[in-house]
Amino acid sequence: MGRGARASDAPSARVAWGGRRLLLATLLVAGCRGDADRLASQARAEVRAELAHYNDRVAQMDSRGIAAMYTLDAEISEPGQPVTTGRDSIQSFLDSFIGFHVEENAMTSDTIVVKGTSLVQSGHFSQRVRMPDGTELRPRGSFTAEWVRERDGKWRIRRMHSVPDPVESK
């Protein structure tokens, strides 16, 4: 080593420092990844809890409470039916079921894919419903819900699409 040279100028010292920088960068990325995984896991848990609230409101036929769980520009759809758009329209649609009594209701989540401040939840539903004339229905099928975290911090449904299982003929 020449006069005035520092130990850190030696090739082995530069390699060692380069290795430390790589290790530091790897640890930072891993730490960020850990935070992202933790936040995604938290979002999944929060939406599972919201789905439980949704189930309770459906069982109570609480159209106002159900509609409040949707974004202002939300959509609900089902094959062969017109799309209902907007929170107020969704509440009006739900109000049209006055006289129906939900005797059993279950929505279960199969998958939740987090996409930043939104996520997509897929699962299955089943109900036992008593119609105003006393007839009992047992709809079941699958659903896909797109949830978004709004500025107030609450998760709300942007889109809910349900697909009833085919009706079995007797």
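Restricting the range 129-168 to residues that are surrounded by 17 or more Cβ atoms within 10 Å (Cβ to Cβ) and hydrophobic (A, V, I, L, M, F, W, C), the residue that is nearest to ALA67 (Cα to Cα) is ILE157. State whether the residues of the range 70-83 include one that is hydrophobic (A, V, I, L, M, F, W, C) and in contact with a Leu (Cβ under 7 Å, 6 or more places away or on another chain). No, because not a single residue in the range 70-83 is hydrophobic (A, V, I, L, M, F, W, C) and in contact with a Leu (Cβ under 7 Å, 6 or more places away or on another chain). Of a type in the set (Lys, Arg), more than 14 Å from the chain's Cα centre (by Cα), surrounded by 11 or more Cβ atoms within 10 Å (Cβ to Cβ) and closer than 21 Å to TRP155 by Cα: is that true of ARG38 in this structure? The answer is no for ARG38. Look at VAL47 and say whether it is surrounded by 14 or more Cβ atoms within 10 Å (Cβ to Cβ), assigned to a helix (DSSP H, G or I) and under 21 Å from the mean Cα position of the chain (by Cα). In short, yes. Could you please let me know if THR71 is within 30 Å of ARG38 (Cα to Cα) and touching an Asp or Glu at 6+ places or on another chain (Cβ under 9 Å)? Judged against the criteria, THR71 is a match. Scanning the range 119-170 for residues that are basic (Lys, Arg) and touching a Lys or Arg at 6+ places or on another chain (Cβ under 7 Å) yields ARG128, ARG138.
None of the figures in this text is laboratory data; all of them are computed from the coordinates on show. In this text, all values refer to a predicted model and were calculated from it rather than measured experimentally. Note: ideal-geometry Cβ built from the backbone for every residue, glycine included; neighbour counts use all protein chains shown.
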